[in-house]
Every structure is written in structure tokens, then in C-alpha cells.
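This report concerns only the one structure given below.
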Amino acid sequence: MHRHEFVAFVAALMAVNALGVDLMLPALADMGRDLAIATANHRQWIITFYMLGFGVGQLAYGPLTDRYGRRPILLITLLGFVAASIFAASSATFPALIGARILQGLMSAATRVLAVAIVRDNFSGRTMARTLSVAQMIFFLVPILAPSLGQMLLLIGPWRFIFYALAAFAAFVLVWTFARLPESLPVERRVPISIATLTASYRLTLTNRYSAGYAVAASLTFGGIIAFVASSQQIFVEEFHAGDRFTVLFAVCAFSMGCASFANSRLVERLGTRLISQVAVFGLIGLSLLHLVVIGAGDETLVTYMAFQALSMTCIGLCGSNFGAMAMEPVGHIAGTASSVQGFITSVGAVLVGSAIGQSYNGTTFPLAIGYLTIGVAVLVLILVVENGKLFQPRMQDE
């Protein structure tokens, strides 16, 4: 592939998962009504159980792709995602839909593992971070547009149309993969699947403090995104009575993350992953403290919430690809397995963090603000541990 097509393809892989989350946000109320979901907060499970499957599934795909290559695993799982989407569209009960969502997550997990592994097969260090940032910049158009696309689908049919649309997009990526994606893992670099090999790879990924530490840091910041996505409809509709503007307001917040990725792609090779991500963490902490002051003073409005949320998402966007690149740097020779383990940590940890914040929604923005402050402080502590108490100092491979 040409470099531009390669970046677009990686973005499309990421978009499979993003659409699996964001496309249905406008339909959560309709799903709750049709499937008799009695408690409003339980509608968030349609998002969080998908992400749980997404996290758990990643453990399997790393060893499989290191053994059999990237291309065949991707083709099989994209086909599985198409089938799971059709199953979700035909669900008649809430438990059936949750089962379909878990299956969707299990299948889409391969897209995350393979997106990172394929990029790592070709790049490393700041170049890898820049490539991921450019892909994520394109990818962040998805959450900007997805709720509006979901709303358009609801205008022409029931919420089940959304899952048929997911199946169609995954089928498109499947055809693109079959027609254009070369295998990026040579036969001589493939690793047989064995208990000894897996144990060694898992041990290396989990005991290297950069690999494990930045994977956990990524899980915390990703948890902030899940918390916002899962509770966004309730916040905009119930607290601010802005349901008619939901898709636009959601897009503004997502756009801020896209801008962050664009800025990161331009700056990371000059400033380094550590400087950018550490400044962003301090920014998230400062914004959260100021937001809590505004909420405590009773001055929270839709305008103040949007300002703080967009700026917080910008800080989170400046952390994501950089944390991922730093976590992968010392384990690039086992990129598939390492990506799966790190992805499991990131996704499952994010589900736990995001669910804890989302389920604490009480009709105000306070739980989200206090959650972001907790995330920022915890990430800062992790960085200090990983970097031996030193901040704003690049490592050799980051120079």
C-alpha cells in the first residue's frame, strides 16, 4: 500500500470499533423502550458490554497473529463481526442484544490488535506515534459523524437499521483487506504457539515497567472516554434538555480529540511522546479542579460543561497514541502478543473505570468531573513510578 492508503486503512480498522460504539448512541432510548430496559443507567450496558468483549478478545488475537500472520486473522474476524451485527439487529430481548454486543466486541478486538501490530511491523518510536496520530485524526471523524449518521438511520427505519449499517461497513473493510492488504509479518518472524512462548511473551509485556505502566495509564484515560460516551445522552438530554442538539454537541467534543491527534502528529517528532503526554496530564488535572469549582459554585451551564469537556477530551487525545507508542516500544519484537496484552489491560481497565463513573451518574456533571480528576492524578502517579520520578525527560529511543 501507498503510505496514504496505509494510514487510511488503519483508520478504517479503528473505525470498525468506533462505529460499534458511537453509531447507536442516538438509539439508546429507543432500544430501552422496545426491549423494556427499566433502569435508564442500564442502557449504558449496551456500550460497556461491547467494550468488555472488545477487551477480553484481544488476549487471543496477539498469539494467533504472531503465529499465522496478520491478514488471515483479520479476514476471519471481520466476517465474524458482520455476522454478530446481523445477530444484534435481530435481537428480540435485552439479554440477546447484550450477547450479540459481547460477540461484536470479541470480533472487533482483532481490529485494535492488528491496527497496532501492523503499524509496529512497519514503524517504531516517534514515527510510529506520528503514524498512529494521523490514523487517529482520520478515525476521530467517526465519533464526530457517527451519532448524526445514527440519527439519520433512525429517520428511515428502526434502531435495527444501525446494526445492518455496521455489518455493511465491516463488509467494506473486509473486501478492502482481501484486495489490498499485504501480509506484514514474514514467515521467518512468526512465533509458534506454545505455553512456554506465551508465558515468556506475557511475562515480558507485563514485567517491563514501560510496557505495563503505560498500558495502565492508557486504560485510565480511555476510561474517561467511555464514561463520557456512555453517559453523554443522559447528560445532554436529562440535565441540559438539549436532546435536539445531541449529535452536534457530541460532535464538538469528539472534534476536540481529532484536533488533539492532528496537533500530536505535527509535534510529536519534534517534542517527543513524553513531553506532550505529561503536559496533557497536568492540563487534565487543572481543568478538572477548575470544573469542580464551577460545579460547586452552582454555575454549571451547558456552555461551561461543553468548554470543560472539549478541553478535557483534548488532553486525553494528546495522551492516547503517545501512551500506546511508549508501551509498545520495548516489546516491538513480539508486537502481536504485546499488543493483545496491552489492549486487554487498556480496554478492560477502561470498562471498569468508565462504568464506575458512568453508573454513578446522578443527574449532574459532578461524577464525570470528579472522575476525570481521579484519572489525571492516578495517571500522574503512574508516570512518576514508570519514569523513576523524572518528568519531561526523553528516553534514548524517544530522542
All but one of (1) buried (at least 18 other Cβ atoms within 10 Å of the Cβ); (2) within 17 Å of residue 109 (Cβ to Cβ) hold for residue 60; which doesn't? (1)
For residue 231, all conditions in the list (1) among the hydroxyl-bearing types (Ser, Thr, Tyr); (2) surrounded by 19 or more Cβ atoms within 10 Å (Cβ to Cβ); (3) over 14 Å from residue 22 (Cα atoms) hold save one; what is the number of the exception? (3)
Segment 116-139 residues that are farther than 15 Å from residue 271 by Cβ and outside any helix (DSSP H, G or I), paired with ones that are modelled with pLDDT of 75 or more and acidic (Asp, Glu) (beta carbon under 9 Å, 6 or more apart): 124/329
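One line per residue, one yes/no per condition, for (1) in a helix (DSSP H, G or I); (2) closer than 19 Å to residue 168 by Cβ; (3) free of Cβ contacts under 8 Å to residues at least 24 places away in the same chain; (4) of a type in the set (A, V, I, L, M, F, W, C):
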residue: 45; (1), (2), (3), (4): yes, no, no, yes
residue: 52; (1), (2), (3), (4): yes, no, no, yes
residue: 59; (1), (2), (3), (4): yes, no, no, yes
residue: 65; (1), (2), (3), (4): yes, no, no, no
residue: 81; (1), (2), (3), (4): yes, yes, no, yes
residue: 86; (1), (2), (3), (4): yes, yes, no, yes
residue: 106; (1), (2), (3), (4): yes, no, no, yes
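Would you check which residues across segment 227-260 are aromatic (Phe, Trp, Tyr) and touching a Gly at 6+ places or on another chain (Cβ under 7 Å) and list them? If you could, list the steps in order and put the result at the bottom.
The initial filter retains those residues of segment 227-260 that are aromatic (Phe, Trp, Tyr), namely 228, 236, 240, 246, 250, 255.
Answer for segment 227-260, where residues must be aromatic (Phe, Trp, Tyr) and touching a Gly at 6+ places or on another chain (Cβ under 7 Å): just 236.
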Within segment 177-199, residues being within 27 Å of the chain's Cα centre (by Cα), over 18 Å from residue 332 (Cα atoms) and not hydrophobic (A, V, I, L, M, F, W, C) number 3
Out of (1) surrounded by fewer than 18 Cβ atoms within 10 Å (Cβ to Cβ); (2) part of a helix (DSSP H, G or I); (3) hydrophobic (A, V, I, L, M, F, W, C), the odd one out for residue 391 is which? (2)
When segment 187-201 is checked residue by residue, the ones that are surrounded by 14 or more Cβ atoms within 10 Å (Cβ to Cβ) and polar (S, T, N, Q) are 197, 201
If a residue must be farther than 14 Å from residue 93 by Cβ and either touching a residue at least 24 places away in the same chain (Cβ under 8 Å) or crowded, with 23+ Cβ neighbours inside 10 Å (or both), how many such residues does segment 21-42 contain? 12
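The values are calculated or read from the model by the stated rules, or taken from the named source; none is laboratory data. All figures in this text were calculated on a predicted structure; none of them were measured in a lab. Virtual Cβ from ideal backbone geometry, glycine too; neighbours counted across all protein chains shown.
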